[in-house]
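Trainee: Before I ask anything, here is the structure I am working with.
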Amino acid sequence: MALNHKVIFGMKLRQYREQAGLSLTDLGVRAKLSTPYLTEIEHGKKYPKAEKIERLAEALGRSYDDLVSIRLDQQLSPLADFLASPLLHTFPYHLFGISPSQVVELMTRQPAEASALVDALLGIAEQYNIGVEHFYRAALRSYQELNENYFPEIERAVDEFTRDARIKSDPTPSYGDLRAIIEARFGYRLDDKRLSERPRLQHFRSVLVTKKKSPPTLLMNSALNELQKKFVLAREIGYHALALKERAMTSAPERVDSFEQVLNDFKASYFAGALLINRQRLLADVKKFFALDRWQPERFRGFLGKYEVTPEIFMYRLTEVLPQYFGIKLHFLRFNHEGSEYRLVKHLNMSHVLIPGGTGVDEHYCRRWLAIRILDQLRGRRANGAAGDEPIVDAQLSRFIDTDARYLCIAMARHLTLNPSATSSVSLGFRCDDDFERTVKFASDPRITGLEIDGTCERCRLEPKECRERAAPPLLLQLQRASDEIERELASL
C-alpha cells in the first residue's frame, strides 16, 4: 500500500469523524475498532481491510467510495499536491534526524492547518520561481553548515586512495598522474575536441558520455586551463573511489533529478578538492601564514601556484579545514559579475553573518562588501589598461553599521575562462573575536582597509555623503520608518 493512500485515507477519516462530531472513542465503539488502531489509521500508518472500511463508513454515515477515494476536498487539496510531489519522497530528511513518515504524521494531526501552510508555501515557491532543485541545494547547504563543511569519511577515502594508487600528493598530484589514473585504472577515454564542435555546449566544462559495451568518454572543454582540467579529472576519480552511482553527467549540472544526485556531486567535488590539496600540507602552510604579523597578499596568492588550483578550489578547501582544525567561524561567497548585475552564485554561512540571498532577491548588495569591491577593482584595472596577473587579491576589515560584529575578509577576483567578458570573485569572511586575533596575527594589521558595511542598499541608513558607493536609494528603510511613524501615532491615541 502506497504511503499516499494511507495518509489520504487517514486524513479523510479524521475529517469525516470531526464533521460527525465523534471522538476516536465514539467512532471505535460504533465501528467495533480499538482507539489505538484508529489513531494509527488517522496518522497514515495503517490502512484497514475492506470489511473494516465498510464498518467505518456505516458509523460515519458515508459511503465506502467516500472513504477509499484518493480525492481530497478543496480544503485539503494542497496536501494532495504535496504528498504526490518528489519533495516528500526524495528530500533528505534523514540528514536532519527525521523521516518522511514523521513529517506526514505531523501533517495528519492538524490536516486543515497543515493544508493551509502547504498552500502558502506553494504560493511563495511559485511567486519566486522556486523549484525542487532549490530545496535540494538549500538542504545540502544546511547539511554542510551543520557539519562545518568537514566530512572525515571523505578525507579518509582520499587518504586511502592516494596510498593505494601511490599518488604523489604532497602538496598536489600532477595532471599527468591524474590522467594516467583515469585512463588506466578506470578505463576512460579523454577528448578535448568534440565539445568545441558543438556551440550550444560551450558553457559546459565537461560532459561524460557512456554507452553499453564502450568505455566512458570524458569530453572536456578545450578552453579550460590545466588547473581546471585537473579538478575535472579529480572529481571523476571521486565518483569511482566513493562508489557514487547517481550523478550529473555534465559540469555544471544541466538538470537535477534527485537529492541523491546533488549530494553525490558534492561528495565527488569534496573528494577532488581534498585530493588536489593535501590536508596536512595545507594545515602546516596556513599555520605559518596566520603567524605573519603583516597581511601579505602575494604570499597568499602563491598558494594557488603551489597547489596548482583555481581560486575557488583553494578558498573552498579552506572552508573545509579552518573550522575543524582552527576553530574559526567563517562564511564563503562567490559572486559573478557581467554587465551591471552582481549574482551570488554560491555561499556557505558558518559565521551566521547576514547574507541576503536566494531566488527572487531584487535588491542591491552592499557595494562595500569586499566580494563586490574587488570585482570593481578588477574592472577598473582592465579599463585603465593595467595588465597584471590574475587573480587579484585583497583583504578588508568589515563592520556592520548597526552591530559590533566585525569580519576579516579575504577575496580573489579573476575573469572567467569560459566567459571572458564576465568576472568572478571568491571571498572568505572570518568572524573577529579575541580567539581569532590570537590565531591570526595579521588581523590587526593597520594597512588592511576598514569599512562599515550593510546588507543591501535598500535597507542601509548611511547617507549619500557617508557612502559614495550606494547603488540604490534606501526605499525599504524609508518604508519601515514610515510604518514606525504610523505605529507611534496610533500608540499615542
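Trainee: State all residues of the stretch 338-352 that are exposed (fewer than 12 other Cβ atoms within 10 Å of the Cβ), more than 19 Å from Leu418 (Cβ to Cβ) and not hydroxyl-bearing (Ser, Thr, Tyr); if no residue qualifies, say none.
Mentor: His352
Trainee: Now for a separate question. Give the residue that is most open to solvent (accessible area, probe 1.4 Å), with candidates limited to residues of the stretch 29-41 that are in a helix (DSSP H, G or I), under 14 Å from Ala59 (Cβ atoms) and not small (Gly, Ala, Ser).
Mentor: Arg30
Trainee: Can you pull out the residues in the stretch 15-41 that are in contact (Cβ under 8 Å) with a residue 24 or more places away in the chain and over 17 Å from Ser69 (Cβ atoms)?
Mentor: Ala20, Leu22, Leu27, Arg30, Ala31, Leu38, listed by residue number.
Trainee: Hey, another quick one. Exactly one of (1) within 14 Å of the chain's Cα centre (by Cα); (2) open to solvent by 10 Å² or more (accessible area, probe 1.4 Å) is unmet by Gln324. Its number?
Mentor: (1)
Trainee: I'd like to check something: does the stretch 221-230 contain any residue that is within 30 Å of Tyr93 (Cβ to Cβ) and either surrounded by 13 or more Cβ atoms within 10 Å (Cβ to Cβ) or modelled with pLDDT of 95 or more (or both)?
Mentor: There is no residue in the stretch 221-230 that is within 30 Å of Tyr93 (Cβ to Cβ) and either surrounded by 13 or more Cβ atoms within 10 Å (Cβ to Cβ) or modelled with pLDDT of 95 or more (or both).
Trainee: So which pairs qualify, if the first residue must be in the stretch 479-493 and in a helix (DSSP H, G or I), the second must be open to solvent by 100 Å² or more (accessible area, probe 1.4 Å) and not hydroxyl-bearing (Ser, Thr, Tyr), the Cβ gap must be under 9 Å, and the two must be at least 6 apart or on different chains?
Mentor: Short answer, once both residue conditions are applied: Gln480/Arg459.
Trainee: Can you pull out the residues in the stretch 42-53 that are exposed (fewer than 13 other Cβ atoms within 10 Å of the Cβ) and either within 14 Å of Met11 (Cβ to Cβ) or over 47 Å from the mean Cα position of the chain (by Cα) (or both)?
Mentor: Glu51
Trainee: Tell me, yes or no, whether the stretch 197-212 has at least one residue that is open to solvent by 60 Å² or more (accessible area, probe 1.4 Å) and of a type in the set (S, T, N, Q).
Mentor: Yes, that holds for at least one residue.
Trainee: Step by step: first the residues of the stretch 454-470, then only those that are without any contact (Cβ under 8 Å) to a residue 60 or more places away in the chain and charged (D, E, K, R), then the one that is surrounded by the fewest Cβ atoms within 10 Å (Cβ to Cβ). Which residue is that?
Mentor: Lys465
Trainee: Inspect the stretch 173-185 for any residue being in contact with a strand residue (DSSP E or B) (Cβ under 9 Å, 6 or more places away or on another chain) and not charged (D, E, K, R) and give the result as yes or no.
Mentor: Yes: one or more hits.
Trainee: Residues of the stretch 396-415 being over 16 Å from Arg367 (Cβ atoms), more than 25 Å from the chain's Cα centre (by Cα) and aliphatic (A, V, I, L, M), which ones?
Mentor: Once the filter is applied, which keeps residues that are over 16 Å from Arg367 (Cβ atoms), more than 25 Å from the chain's Cα centre (by Cα) and aliphatic (A, V, I, L, M), the stretch 396-415 yields only Leu397.
Trainee: Please go through (1) surrounded by 17 or more Cβ atoms within 10 Å (Cβ to Cβ); (2) of a type in the set (Gly, Ala, Ser); (3) over 22 Å from Phe91 (Cα atoms) for Ala248 and return the number of the only condition it doesn't satisfy.
Mentor: (3)
Trainee: Could you check the stretch 144-160 and list, in sequence order, the residues that are surrounded by fewer than 16 Cβ atoms within 10 Å (Cβ to Cβ) and among the hydroxyl-bearing types (Ser, Thr, Tyr)?
Mentor: none
Trainee: Looking only at strands (runs of 3 or more DSSP E) that fall completely inside the stretch 152-231, which ones have 2 or more residues that are among the aliphatic types (A, V, I, L, M) and in contact (Cβ under 8 Å) with a residue 24 or more places away in the chain?
Mentor: 206-209, 217-220
Trainee: Without any contact (Cβ under 8 Å) to a residue 12 or more places away in the chain and among the basic types (Lys, Arg): which single residue out of Arg299, Arg317 fits that description?
Mentor: The conditions single out Arg299.
Yes/no per residue for (1) outside any loop (DSSP other than H, G, I, E, B); (2) open to solvent by less than 50 Å² (accessible area, probe 1.4 Å); (3) within 19 Å of Val440 (Cβ to Cβ); (4) modelled with pLDDT of 95 or more:
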{"position": "Val256", "(1), (2), (3), (4)": "no, yes, no, no"}
{"position": "Ser269", "(1), (2), (3), (4)": "yes, yes, no, yes"}
{"position": "Ala272", "(1), (2), (3), (4)": "yes, yes, no, yes"}
{"position": "Leu275", "(1), (2), (3), (4)": "yes, yes, no, yes"}
{"position": "Lys288", "(1), (2), (3), (4)": "yes, no, yes, yes"}
{"position": "Arg294", "(1), (2), (3), (4)": "no, no, yes, yes"}
{"position": "Glu312", "(1), (2), (3), (4)": "yes, yes, no, yes"}
{"position": "Leu318", "(1), (2), (3), (4)": "yes, yes, yes, yes"}
{"position": "Phe332", "(1), (2), (3), (4)": "yes, yes, yes, yes"}
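Trainee: When the stretch 161-191 is examined, which residues are found to be surrounded by fewer than 17 Cβ atoms within 10 Å (Cβ to Cβ), out of contact with any helix residue (DSSP H, G or I) (no Cβ under 8 Å at 6 or more places or on another chain) and of a type in the set (Asp, Glu)?
Mentor: Asp164, Glu183, Asp191
The values are calculated or read from the model by the stated rules, or taken from the named source; none is laboratory data. It should be emphasised that the depicted structure is a prediction, and the values quoted were computed from it without experimental measurement. Neighbour counts run over all protein chains shown; Cβ positions are idealised from the backbone, glycine included. Just the protein is used for accessible areas: all its heavy atoms, side chains included, with ligands, DNA and RNA removed. Shrake-Rupley method; radii C 1.70, N 1.55, O 1.52, S 1.80 Å.
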